[in-house]
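A.B. asks: Have a look at this one.
Read-outs: derived from the displayed coordinates by stated rules, not from any lab. All of these numbers come straight from a predicted model, not from anything done at the bench. With ideal geometry, Cβ positions are generated from the backbone for all residues, glycine too; neighbour counts draw on all protein chains shown.
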Amino acid sequence: RETQEMVFAAHQEAFLAFEGVPERGIYDNPKTIVDVVYHRPLKGQERDFNRRFLALMNHYLIRPTACTVAAGWEKGQVENQVGNIREWFFTPLPRFETLDQLNTWLWERCQERAQNHAHPEQKTRTIW
C-alpha cells in the first residue's frame, strides 16, 4: 500500500543511500502526492501537489515534475527498467534466509550496476 509515510521514508532512505538528492523528481501522479490534476490547466498550473509532499520537496530543494496523465511513453522508461532489473537480478531466482540478507545483496547489485554502466544521457559518466 502506498501511503505518504512510505513515500516520504523511501525518499529519505534513497537520499541517504545515494549520499545526495536530485534537482528534479519525476512522479506519476499518485494520490498520495497529487491532490488535483487539472484537465484544462491554467498557465503554469497543471496539478496541485499535496502540501506535505511539497514541504518534503522544498526541504530538499527538489523540483517535482508530474507525468502527463495517460501518457504511457513518459513512464515507459521507468517501467521498462523495473522489468530489466527483475531479469538481471532475479534470474535465476536467488534465495536468502533473511530479509536483511536479501536487502544487503540487492543493494550490492544496485551499486555494482550503477558504478559499471554508462549514464543514459551523459555517456562519459556512470549512473553512479
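A.B. asks: Kirkwood-based Rg over Rh for the chain (C-alpha set), two decimals?
C.D. replies: 1.00
A.B. asks: A further question on this structure: Residue-wise, which Karplus ³J(HN,Hα) couplings in Hz belong to the stretch 55-66, taking 6.51 cos²θ - 1.76 cosθ + 1.60, θ = phi - 60°, and x for glycine or proline?
C.D. replies: Rounded to whole hertz, the list is 4, 4, 4, 5, 4, 8, 6, 9, 8, x, 10, 9.
A.B. asks: Hey, another quick one. Along the stretch 86-93, what does the Karplus equation 6.51 cos²θ - 1.76 cosθ + 1.60 (θ = phi - 60°) give for ³J(HN,Hα), rounded to whole Hz, x for Gly and Pro?
C.D. replies: Ordered by residue, 3J(HN,Hα) equals 4, 5, 5, 9, 10, 10, x, 5 Hz.
A.B. asks: Any idea how far apart Ala118 and Phe15 come out in nm if each label point goes 7 Å out from Cα toward Cβ?
C.D. replies: Going by the 7 Å Cα→Cβ label model, 3.2 nm.
A.B. asks: Something else: Which value, in debye to the nearest 20, gives the size of the charge dipole of the chain about its Cα centre, when Lys and Arg are +1 and Asp and Glu are -1 at the Cβ?
C.D. replies: Here the chain has a charge dipole of around 440 debye.
A.B. asks: In sequence order, what are the phi-derived ³J(HN,Hα) couplings for the stretch 121-128 according to the Karplus relation 6.51 cos²θ - 1.76 cosθ + 1.60 with θ = phi - 60°, rounded to whole Hz, with x for glycine and proline?
C.D. replies: For the stretch 121-128, the Karplus-derived couplings read 10, 10, 4, 7, 10, 8, 4, 4 Hz, x marking Gly and Pro.
A.B. asks: Follow-up question, since we're still on this one. Extending each Cα 7 Å along its Cβ direction at Asn84 and Cys110, get the distance between those two points in nm, one decimal.
C.D. replies: 1.6 nm
A.B. asks: Then there is this: If amide hydrogens are placed 1.01 Å from N in the peptide plane, which non-local residues have theirs closer than 5 Å to the one on Gly25?
C.D. replies: Arg63, Thr65
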